[in-house]
Amino acid sequence: MPPADLLSNIFTDETRRVAALHALALLDTEPEREFDALVSLAAEMLGCPTALMTLVDSDRLWIKAAAGGERGEISRDIGMCAYTIQNDDPLVIEDLDADPRFSKNPLVMAERGARFYAGAAIHAIDGDGERHAVGTICVIDTSPRSLNKAGRRALMHLATLAEAAIAARSAANQAIAIATTADRQAAALERQDRIFRQAERMAAMGSWRTSLDHEHMAWSDGVFHIYGLPVGPVPEMDIAMGFYPPHARDKLTTAMTLTLETGMPFDIEVDFTTAQGEPRRVRVLGELENDAGTTVGFVGVFQDVTERHALETTLRRTADTDSLTGIANRAAFDRALDAAMTRAHADGTPLLLALVDLDGFKAINDTLGHTAGDDVLRGVGRELQARWLMGSFVARLGGDEFAVLIENPALVTMPAQICARLEESLRFPIAMNGLAMVSAGTVGIAALAPDCHSIRDFVHRADTVLYQAKRARVGERRRTDRRSAA
């Protein structure tokens, strides 16, 4: 292809891409709950202080949502996201300062500037059905680091969630616009109805309307489909509300009452059960319907978000779980400890923190291999979830270090017995390739003191007890060795 034709095609593709972005009506808009939640999840999952959702305009980057950063805009020339949208795979730059494309970038050169970047492109479909990269979901750190395959997959999943949220937002806005203006556009009713039904199928949603007294209700076909009912007469309000469990029914009733009192639209997600008894997760949006300045009812949208909710739940669970042992990881432990300390100080109740450090774990790895070492770690995870610990919160802090938060009133009064029983339970044999060794661990327990208000201080106190216990154990072993030698 001649250079002139190539440049023309590049220009045309960029023009279409920017047009697809502008059609979303996301630029220069206020914060939105789903996008703020998405970047918070990205920062938490990938362990970075900053996560952004950006939209790449023709000459600028619009930061739609930010966790650990600021919303707004920057020049497209200095943003890394302009490179990300050119790739199908995530763009990962382990050290921005070592990359000639960014080493002189003002975002990198600034004091405590960016050093690590990872981003995945977010796509949108234009009116012709063509897919365009319109922005990114990305994470940034001030220190160089790497991103493993699981992290890259998580980034791609988050980008998919962003695309689904954008598509649902566009479809919902379109559906509400059609639902609230259909009676004023009789001349275009047939065309609008076709577009509306197509939008419902694409977004797994439907529209609804009810009078203030709920005597007159209307559902689109999409609502009947989500309920699992044949299209026909709309059930009475009491019957329709019976598909929600009590807590969801109360939440929906409260939302509608608040909208009637304040005039503000509502947007909630609740549990739901279909006519076939299948549990689902639905999103209900609604606002007041006005006729000549008089409020006559509610109109809204009903959407099945079960798959998205399940994916978000899975991602959150993954972010909080140690993949090897199946118990909580360090991030989840820090949150649980902070909440437990707050409760203990507020209620005046005791709280114990037990730190566990395995003895001779390196020797097991070196002698029996890392597979045996992994079996030991999994075994410790199982022991720490024993029934006698009465649901205490357990976590793997990293390596061969574990923690147990003990709040149960029947346990907190016996730290010495807990310590002894934990150390006893951590002694179990491990064998591999005809060789056998015994796993063991040392436990240090500290009680929360009234003057202890920081996680770091509490952990330090328990760690000090653990260190003293390990030192005493080493001394006892040496004395035993000397007696054996004599």
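No value in this document is a laboratory result; all are computed from the given coordinates. Quick caveat, the model's predicted, so the values are computed rather than measured. Cβ placement follows ideal geometry from the backbone for every residue including glycine, while neighbour counts extend to all protein chains displayed.
A compact table of results
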quantity: Equivalent ellipsoid semi-axes - Cα gyration tensor, the stretch 322-485, angstrom; calculated: 29, 19, 13
quantity: Projected label distance in nm at His370 and Ala436, using a 7 Å step from Cα toward the beta-carbon; calculated: 2.7
quantity: FRET E, pair Glu14, Asp267, Förster distance 41 Å, beta-carbon r, rounded to 0.05; calculated: 0.75
quantity: Farthest toward positive dipole pole in the stretch 322-485 [+1 Lys/Arg, -1 Asp/Glu at C-beta], among Ala354, Ile327, Val443; calculated: Val443
quantity: Paramagnetic label zone (point 7 Å from Cα along Cα-to-C-beta, Ala472; backbone N under 19 Å) in the stretch 339-354; calculated: 352-354
quantity: Computed P(r) (all Cα pairs; the stretch 205-304; 10 Å bins; percent); calculated: 15, 53, 28, 4, 0
quantity: Bins of 10 Å, starting at 0 and running to the largest distance - Cα pair percent for the chain; calculated: 3, 15, 19, 20, 19, 14, 7, 2, 1, 0, 0
quantity: Enclosed volume per residue, in Å³, of the convex hull spanned by Cα atoms of the stretch 3-172; calculated: 117
quantity: Cβ-Cβ FRET estimate between Arg101 and Leu212, R0 fixed at 41 Å, reported to 0.05; calculated: 0.10
quantity: Charge dipole (the chain, unit charges on Cβ, about Cα centre) - positive-most of Val412, Asn173, Leu52; calculated: Val412
quantity: Spin-label model distance (nm) - His453 vs Arg330, 7 Å beyond Cα toward Cβ; calculated: 2.6
quantity: Length added when fully stretched, Asp28-His309, from 0.36 nm per residue minus Cα-Cα; calculated: 98.4 nm
quantity: Theoretical FRET efficiency, 1/(1+(r/R0)^6), r = Cβ-Cβ of Ser40 and Phe428, R0 60 Å, to 0.05; calculated: 0.90
quantity: Those lysines that a straight Cα-Cα span of less than 22 Å connects to Lys64, excepting residues fewer than 8 apart in one chain; calculated: none
quantity: Radius, Kirkwood style, for the stretch 230-371 when every pair of distinct Cα atoms is counted (Å); calculated: 20.4
quantity: Centre separation in Å (Cα based) which lies between the stretch 286-302 and the stretch 133-151; calculated: 43
